[in-house]
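S.K.: Sharing a structure here in structure tokens format.
The values are calculated or read from the model by the stated rules, or taken from the named source; none is laboratory data. Predicted, not measured: the structure shown is a model, and the values here were computed from it. Here the Cβ positions follow ideal geometry from the backbone for every residue, glycine too, while neighbour counts run over all protein chains shown.
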Amino acid sequence: MLAKSDTRLQDLADEARKGLALPRLTADFLDTFIGVTLADNPAYYKDTHHWQSDFNGLCLKNLFAISQAQQDMWAPFGVPREFFTGWMKPLVKATQEAVAQGRDPDAVAVRGHRIESAYASRLRTMVIALTSEVDASDEEKAEKKDYLTRKETKLVFDRKQCDRVCETPAGQTWLLGQLASLQALEWQYPSYGQTRLRAMKKLLRSLLQVITGEPLSELRRNPYRKTSPEGERLQSDADYLKDCELRLLALLAHDAFDIRRFALESPNAKLGACEWQTLPGSEVYSVRLRHYPRPEGVKANGKTLYMVSPMINRCEIFDLAPGKSVVEGMLQLGYDVYMVDYGNPGPDQSHLGLSFYGKTVHDKYLDMIIDRHPDQQIEVMAYCMGGTLFMPYLARRIEEAELDGKEVKIRQVALMTTPIHFDDDTSGHKPMRDLIREHYDPAIMQAFYGTSNLPPQTIESGMHAIQPGVAFNVAEGFYARANFHGAIDDAAPFLNWLNSGTRFPTVAHKEWIEKIFMGNEIWEGKYCLPSSQKKLDGKPVKMDALNTADIAIFDYRGQRDPIAPVGSCLSSERWGSTRENIQMTRGGLNRTIEKNIGHIFVVSQKLLGEYLETVADFLKDEPPRHQPKSTAAKKVPPAKTGARKRTPVKKAGDSGSQTQ
């Protein structure tokens, strides 16, 4: 295909020298010229295949296994183990340096990102060359349209320039040269299937239609075109091309062709809607307790809200942006809001296990909160694995309170897409568990990340493996909505959060995989935690303590959530104030709310509004205060090891689409 492109360019040069008239370039011709590459996903894969990275990983795994076998064979003869592992030292050093600098340790993935950036830069260069600034109308200035470059001017496609590149030898040579360069990048790309580059090539086809002033003749090849379920046009050609222009102009005005760079560098990608301070004395390693003061004029409701974020993402999932902030909504209800911020763990935390993040941290922070608000009830809100780790912690805290004769201040827990049950049969986690069985090697992870922690890119690759085509879908959705006023700025905070993950401490990650995800220890009553009480220290947590204390549990789960499938979000069905009623209830009982949403539903103002309304309704129903008793006074039935028979859960409606 490259040879064909080069031949066409040479023919243009020859015809230009002879002064021959050239036919006008059409959208169909240009579509044929750019050809079909792996970037087009011609095999119609539903997922993404990083074939070069996968091949390198397989080679590394096999070499590591051979080295391990050689070590075991020669160890009795006194041969130093380092004799067989010397080849790993430069790789381990490079990995540690990459993690420390926040880079992806996978060199192939980095090359893929560079190709994507180069492709985006080429697209941007082409659009710049074909646009110009003109005076904006008063109406456009007032509405602050996305394609405005300055208050007085706006960007438009220069039709004369577009005609020149379609009709003149010099213009055609330039345009086809640009397309040949983009095609060369596609052939160098180390991935295929549903990739970011595929989304960018669809954007390129949209640009070719704008340049030629006509849509592609084959309707299904018209990117972003609105059609009926029967495949009929819902837009005129003129309206469709106008949308294509607005999309490209908005991306140019925001410098957003390269989504990753836009997400990390755009001033509109700032995370957070609410002011906060670190609570003095709360800093332990990278972990801190945030306090969010109530806005002026909001009356206190006399309650404290303790928010527990997941360890594998930034805690701003609770506070993305104005109008997309759980914190903002809860502050308006009058809560004293505190949130756990795990930060970005450094190498000094690589040895810390789940007991530190799931017990020590909560003990310290809840005690600090009680000292500040001794008369207030504490309500808990937890997202994903933050809730997974908090549930056994709360059960252990109740056990300790029973022995100490103290009151448990926590009466209600609101869980957001929180998995607690992990198996191959009913939980929905079989795809990830199979992936772990096939690819996860704790010895390799320790060798490469033992002192540097797992980088977010490594965690992300695993998450993407169970979400077919998510990289393409995010990019495609961003580009497709770019022509709507405000859509680019609206997406910026979420994209920043998505592209700025945190490291996962090595030992804690190993324990998460082995004890919780594969061992299912919480559900089976085998998960152990330390305790100040010798009777409990290092012993399995009795999860049925949540029943003894009559904790009211709120489960909010999504039918389209592959990370926390509905079959795994079962806390409210098994523990707490179930009373055999697991539907949407009143009077302090549990609530299980299942909706047609994905894992990161808070990026939608509509879905977030529905959640805030529902959780506020749950929290206002205060259950009776539990009076601690001696554990000998009330016999608690042992935890069941299997999933209980599930009562049909009342669905809370189909609430539309969800990013990721």
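S.K.: Go through region 184-213 residue by residue and tally those that are small (Gly, Ala, Ser) and assigned to a helix (DSSP H, G or I).
M.R.: Within region 184-213, residues that are small (Gly, Ala, Ser) and assigned to a helix (DSSP H, G or I) number 3.
S.K.: Can I ask one more? For region 393-423: of the residues being in a helix (DSSP H, G or I) and of a type outside the set (A, V, I, L, M), which is farthest from residue 326 (Cα to Cα)?
M.R.: Across region 393-423, the extreme among qualifying residues is 404.
S.K.: State which residue is surrounded by the fewest Cβ atoms within 10 Å (Cβ to Cβ) when the search covers only region 19-52 and only residues that are among the aromatic types (Phe, Trp, Tyr) and farther than 21 Å from residue 188 by Cβ.
M.R.: For region 19-52, the residue satisfying everything is 44.
S.K.: Can you find a residue that is part of a helix (DSSP H, G or I), exposed (fewer than 15 other Cβ atoms within 10 Å of the Cβ) and at pLDDT 95 or above anywhere in region 241-254?
M.R.: So far as region 241-254 goes, yes, one or more of its residues are part of a helix (DSSP H, G or I), exposed (fewer than 15 other Cβ atoms within 10 Å of the Cβ) and at pLDDT 95 or above.
S.K.: Now, a different point. Taking the options 336, 341, 348, name whichever one is surrounded by fewer than 23 Cβ atoms within 10 Å (Cβ to Cβ) and either of a type in the set (S, T, N, Q) or under 22 Å from the mean Cα position of the chain (by Cα) (or both).
M.R.: Of 336, 341, 348, the one residue that is surrounded by fewer than 23 Cβ atoms within 10 Å (Cβ to Cβ) and either of a type in the set (S, T, N, Q) or under 22 Å from the mean Cα position of the chain (by Cα) (or both) is 341.
S.K.: So which of 357, 393, 383 is in contact with a His (Cβ under 6 Å, 6 or more places away or on another chain) and buried (at least 17 other Cβ atoms within 10 Å of the Cβ)?
M.R.: Of 357, 393, 383, the one residue that is in contact with a His (Cβ under 6 Å, 6 or more places away or on another chain) and buried (at least 17 other Cβ atoms within 10 Å of the Cβ) is 393.
S.K.: When you look at residue 170, is it under 30 Å from residue 48 (Cα atoms), at pLDDT 85 or above and aliphatic (A, V, I, L, M), yes or no?
M.R.: The answer is no for residue 170.
S.K.: Among (1) closer than 30 Å to residue 359 by Cα; (2) modelled with pLDDT under 95; (3) over 29 Å from the mean Cα position of the chain (by Cα), there is one condition residue 227 misses while meeting the rest; what is its number?
M.R.: The number of the failed condition is (1).
S.K.: Of the residues that sit in region 537-577 and are in a loop (DSSP other than H, G, I, E, B) and among the basic types (Lys, Arg), which one is modelled with the lowest pLDDT?
M.R.: Among those residues, the one meeting the criterion is 560.
S.K.: Any idea which residue in region 422-443 is farthest from residue 71 (Cα to Cα), counting only those that are touching a residue at least 40 places away in the same chain (Cβ under 8 Å) and of a type in the set (A, V, I, L, M, F, W, C)?
M.R.: It comes out as 422.
For (1) under 15 Å from residue 183 (Cα atoms); (2) at pLDDT below 95; (3) of a type outside the set (Phe, Trp, Tyr), each residue gets a yes or a no:
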residue: 6; (1), (2), (3): yes, yes, yes
residue: 11; (1), (2), (3): no, yes, yes
residue: 21; (1), (2), (3): no, yes, yes
residue: 26; (1), (2), (3): no, no, yes
residue: 31; (1), (2), (3): yes, no, yes
residue: 52; (1), (2), (3): no, yes, yes
residue: 56; (1), (2), (3): no, yes, yes
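S.K.: Turning to a different aspect of this structure: Would you check if there is a residue in region 517-525 being closer than 18 Å to residue 342 by Cβ, at pLDDT 95 or above and within 22 Å of the chain's Cα centre (by Cα)?
M.R.: Scanning region 517-525 turns up no residue that is closer than 18 Å to residue 342 by Cβ, at pLDDT 95 or above and within 22 Å of the chain's Cα centre (by Cα).
S.K.: Regarding residue 264, is this residue assigned to a helix (DSSP H, G or I) and either crowded, with 17+ Cβ neighbours inside 10 Å or under 23 Å from the mean Cα position of the chain (by Cα) (or both)?
M.R.: Considered against the rule, which asks whether it is assigned to a helix (DSSP H, G or I) and either crowded, with 17+ Cβ neighbours inside 10 Å or under 23 Å from the mean Cα position of the chain (by Cα) (or both), residue 264 comes out as yes.
S.K.: Please verify whether residue 622 is surrounded by fewer than 16 Cβ atoms within 10 Å (Cβ to Cβ) and at pLDDT 90 or above, treating the condition exactly as stated.
M.R.: Here the answer is no, as residue 622 does not meet what is asked.
S.K.: Being part of a loop (DSSP other than H, G, I, E, B) and farther than 30 Å from residue 604 by Cα: is that true of residue 515 here?
M.R.: Judged against the criteria, residue 515 is not a match.
S.K.: Now, a different point. Answer yes if at least one residue in region 227-238 is assigned to a helix (DSSP H, G or I), outside the structural domain of residue 332 (by TED's automatic domain parsing), within 25 Å of residue 41 (Cα to Cα) and among the hydrophobic types (A, V, I, L, M, F, W, C), and no otherwise.
M.R.: The answer is no, given that none of the residues of region 227-238 is assigned to a helix (DSSP H, G or I), outside the structural domain of residue 332 (by TED's automatic domain parsing), within 25 Å of residue 41 (Cα to Cα) and among the hydrophobic types (A, V, I, L, M, F, W, C).
S.K.: I'd like the residue in region 285-325 that is touching a Cys at 6+ places or on another chain (Cβ under 7 Å) and either assigned to a loop (DSSP other than H, G, I, E, B) or not assigned by TED's automatic domain parsing to the domain that holds residue 368 (or both) and, out of all such residues, is surrounded by the most Cβ atoms within 10 Å (Cβ to Cβ).
M.R.: 309
S.K.: Taking residue 279 and the conditions (1) closer than 30 Å to residue 350 by Cα; (2) within 27 Å of the chain's Cα centre (by Cα), which numbered condition does it fall short on, given that it satisfies the others?
M.R.: It fails just one condition, (2).
S.K.: Would you tally the residues in region 52-76 being closer than 26 Å to residue 106 by Cβ and among the acidic types (Asp, Glu)?
M.R.: Of the residues in that region, 1 qualify.
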